[in-house]
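As structure tokens, the structure follows; a few thoughts come after it.
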Amino acid sequence: MLNPFEKVKCPPKINDMIKIQLDRLPKIAGENIKDREIRRLISYRDNLKKYLEFIRSLPKIDKLHPFYRESVEIIAKKSSKEIDFCVLIAMRTINLSIKILNEYISNIKRSDQSLSNRLMRQGFGRASSVLRKDRCIDWLIDLIKELKKLKAINPDLPTVIVAGPPNVGKSTLVSKISSAKPEIASYPFTTKEIHVGHIDWNYTKIQVIDTPGILDRPNEKRNEIEKKALNAIKNLNGIIVFLFDVSKYSIYSAKEQLDLYNEILQFNKKIIVAINKIDDADNSLLENIVKSLDVPFLRISAEQGSGIEDLKNKIFQILQE
Ligand SMILES: Nc1nc2c(ncn2[C@@H]2O[C@H](COP(=O)(O)OP(=O)(O)OP(=O)(O)O)[C@@H](O)[C@H]2O)c(=O)[nH]1
Ligand SMILES: [Mg+2]
């Protein structure tokens, strides 16, 4: 799946477009004054038609793959319905401005040449004031610019999603096992976006997804970054590698990590559990986590590389099942 917004062409924001159009006016000539003023409004109208094309080229949100649909809603901070409504308003504003320009073009054609310039300025002003009052067009342009940055995910590739609380070593692991090179740092929420890397395996590729950290807290309290991770876990078809952090510097208690793990279990995905930072383990934290796990798990050090080969083999084994 390509990023569905990748190819959408964004026009300039409304005020910038009006400024460009104003700057263009002196350069537009005609056979006579009437002809010149008509051409000026036609040039404006043609520019507005590009905004219609922009809106028509937008993918329909409800037809998108669920992962992208939810990504749009998270980034827009609005539901699909609210976004559709904004698209409708933007379309109306542009159509209304085009209508105003068409009326003034007819007016100039019908009126005495001495009125042409005044009518052109009136038409230009009225159409611009309608456009300036609109909040949806610029909002949509900003939204699409953000959505164009979304990473391309291929749902047909075998996929591994690395998930867990913040700072547990997800990005360290992803950078060790795949081609992705996400930022790694010793504070929570270093990763703010979904990152995609690949592993070559048996003449095919495995897609490895690094997700932002998720805190053990109610959904309504979760931030945009956590929601992006949950969206990947919920809507992408893949194996989840859930990481625990047992280091002495772990920010999260055994209970917080286990509660999150139990929440992720509810998505009914295949899960590989890996206990990370085993090189620097706090024994009581390790013990508390281990005694509560009733599934097999791997002990790894993403940083030092221990257990990584076993983890990769486990991934390959599950993918073959
Ligand atoms: N001792 C030890 N430290 C590790 C290990 N793996 C990662 N770290 C350190 O843990 C910190 C967090 O690593 P990241 O890979 O950025 O963790 P993350 O889970 O991606 O963090 P967020 O993106 O913020 O959720 C960094 O300082 C890493 O160097 C490990 O196996 N052992
Ligand atoms: Mg990270």
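Which one of these does Thr190 not meet: (1) surrounded by fewer than 19 Cβ atoms within 10 Å (Cβ to Cβ); (2) more than 14 Å from ligand 1 (Cβ to nearest atom); (3) closer than 23 Å to Ile300 by Cβ; (4) β-branched (Val, Ile, Thr)?
Of (1) surrounded by fewer than 19 Cβ atoms within 10 Å (Cβ to Cβ); (2) more than 14 Å from ligand 1 (Cβ to nearest atom); (3) closer than 23 Å to Ile300 by Cβ; (4) β-branched (Val, Ile, Thr), only one is false for Thr190: (2).
Scanning for something at pLDDT 95 or above, away from ligand 2 (no atom under 16 Å from the Cβ) and under 18 Å from the mean Cα position of the chain (by Cα), does the stretch 132-139 turn up at least one residue?
Yes, the stretch 132-139 contains a residue that is at pLDDT 95 or above, away from ligand 2 (no atom under 16 Å from the Cβ) and under 18 Å from the mean Cα position of the chain (by Cα).
Inspect the stretch 245-263 for any residue being more than 16 Å from ligand 2 (Cβ to nearest atom), more than 19 Å from Pro166 (Cβ to Cβ) and among the basic types (Lys, Arg) and give the result as yes or no.
no
Is at least one residue of the stretch 290-301 among the aliphatic types (A, V, I, L, M), touching a Gly at 6+ places or on another chain (Cβ under 7 Å), surrounded by 13 or more Cβ atoms within 10 Å (Cβ to Cβ) and assigned by the TED database to the domain that holds Tyr203?
Among the residues of the stretch 290-301, at least one is among the aliphatic types (A, V, I, L, M), touching a Gly at 6+ places or on another chain (Cβ under 7 Å), surrounded by 13 or more Cβ atoms within 10 Å (Cβ to Cβ) and assigned by the TED database to the domain that holds Tyr203, which makes the answer yes.
Just the residues that are surrounded by fewer than 21 Cβ atoms within 10 Å (Cβ to Cβ) and assigned to a loop (DSSP other than H, G, I, E, B), please, taken from the stretch 159-181.
Within the stretch 159-181, Pro166, Ser179, Ala180, Lys181 meet the criteria.
Conditions (1) assigned to a helix (DSSP H, G or I); (2) closer than 22 Å to Ile194 by Cα, marked per residue:
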{"site": "Gln257", "(1), (2)": "yes, yes"}
{"site": "Phe267", "(1), (2)": "no, yes"}
{"site": "Ile272", "(1), (2)": "no, yes"}
{"site": "Ile318", "(1), (2)": "yes, no"}
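Which residues, counting only those in the stretch 194-213, are within 11 Å of ligand 2 (Cβ to nearest atom) and more than 14 Å from Gly164 (Cα to Cα)?
Correct list: His195 only.
The values are calculated or read from the model by the stated rules, or taken from the named source; none is laboratory data. This one's a predicted model, so the numbers in the text were calculated from it and none came from an experiment. Here Cβ is always computed from backbone atoms with ideal geometry, including for glycine, and neighbour counts include all displayed protein chains.
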